[in-house]
Amino acid sequence: MLTGKIIVVTGGAGLLGSAFARAIAKQGSVVVIADIDVQAANSVAQDITSAHAGKAQAETLDITDKASVCSLIDRVNARYGRIDAVVNNAYPRNRNYGRKLEEVTYADFCENTNLHLGGYFLVAQQFSLFFRKQGDGNIVNMASIYGTLAPRFEIYADTPMTMPVEYAAIKSGVIQLTRYFAQYFKADQIRVNCLSPGGILDKQPESFLASYKAFCSAKGMLEPADLTGALLFLLSDGSRYMTGQNLVVDDGFTL
Ligand SMILES: NC(=O)c1ccc[n+]([C@@H]2O[C@H](COP(=O)([O-])OP(=O)(O)OC[C@H]3O[C@@H](n4cnc5c(N)ncnc54)[C@H](O)[C@@H]3O)[C@@H](O)[C@H]2O)c1
């Protein structure tokens, strides 16, 4: 599906990013695993190259630092001569992230929103400017069902978890930024779409998994591998004429 493409995945060492990187390499692209945790990125890259020689490379990146984003673009372009796509997927947050609404301070709200939504803006801005010079490009922003759906707080009852208030602001912002960028760069052969997953399995409490599943069709919370088909579609020429769209993969949770 993606033979010969050069694709950057920010946060490529994480839960979804590492599954995305594997799937991209398997489809014949070179995947650049760009992460603030370069050790973890190296380990994912090594794991992938053991099965797909030459198809993965680790790079250091801080999505909240313009010099870091620009330097990544320069290094990847110098090495491969072009960049086909970027998956805006990193997940920066501060140590207080995930608290209930009553405990979220103004400073924490602003910091988490700046890191995540601000970082996604910066990556999309700098890659778009590079893609405009290159003559084409493709951006996939990672959004979430919580960018459009009001949280179902009852499923978090009896767990220390919640749906963070910053996340609602960040992900609705990512969905609207997707439309803004798609419109702004429509004449430049740059496509911009977003992918909105439902919840991803990550050792959550059983009671929560059961409450969540009651809203779903078959599986409930999904595994990272359940998202890769939709991502590969957005990265491939199969979605060539799609731009500004939000693709939801959630086993029916938001219906
Ligand atoms: N996990 C879920 O349930 C879920 C559901 C819907 C959407 N998403 C979205 O998918 C994306 C990936 O989520 P995940 O669960 O895989 O996250 P994760 O925490 O497992 O991985 C995030 C990665 O981003 C890296 N990172 C953090 N700050 C960074 C920075 N400043 N610059 C570069 N890299 C940085 C981390 O080192 C880590 O490798 C996020 O946008 C998240 O909101 C996740």
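The values are calculated or read from the model by the stated rules, or taken from the named source; none is laboratory data. All values derive from a computational prediction rather than experimental measurement. As a convention, Cβ positions derive from the backbone with ideal geometry for all residues, glycine included, and neighbour counts pool all protein chains shown.
For segment 121-132, indicate whether the set of residues that are within 11 Å of the ligand (Cβ to nearest atom) and either under 21 Å from the mean Cα position of the chain (by Cα) or at pLDDT below 95 (or both) is non-empty. Taking every residue of segment 121-132 in turn, at least one turns out to be within 11 Å of the ligand (Cβ to nearest atom) and either under 21 Å from the mean Cα position of the chain (by Cα) or at pLDDT below 95 (or both). Restricting attention to segment 152-168, does a residue exist that is surrounded by 14 or more Cβ atoms within 10 Å (Cβ to Cβ), assigned to a helix (DSSP H, G or I) and under 15 Å from the mean Cα position of the chain (by Cα)? Within segment 152-168 (the criterion being surrounded by 14 or more Cβ atoms within 10 Å (Cβ to Cβ), assigned to a helix (DSSP H, G or I) and under 15 Å from the mean Cα position of the chain (by Cα)), the answer is yes, since at least one residue qualifies. Only a single criterion out of (1) closer than 24 Å to Gly17 by Cβ; (2) part of a helix (DSSP H, G or I) is not satisfied by Phe109, namely (1). Taken over segment 15-45, the criterion of being surrounded by fewer than 24 Cβ atoms within 10 Å (Cβ to Cβ), assigned to a loop (DSSP other than H, G, I, E, B) and not charged (D, E, K, R) is satisfied by Gln27, Gly28, Ile36.
State whether the residues of segment 46-61 include one that is within 11 Å of the ligand (Cβ to nearest atom) and outside any strand (DSSP E or B). There is at least one residue in segment 46-61 that is within 11 Å of the ligand (Cβ to nearest atom) and outside any strand (DSSP E or B).
Looking at Arg79, is it within 19 Å of Ile24 (Cβ to Cβ) and free of Cβ contacts under 8 Å to residues at least 40 places away in the same chain?
Working: within 19 Å of Ile24 (Cβ to Cβ): yes; free of Cβ contacts under 8 Å to residues at least 40 places away in the same chain: yes.
The answer is yes for Arg79.
Each residue in segment 226-253 was checked for being among the aromatic types (Phe, Trp, Tyr) and either more than 19 Å from Gly17 (Cβ to Cβ) or touching a His at 6+ places or on another chain (Cβ under 6 Å) (or both), and 2 pass.
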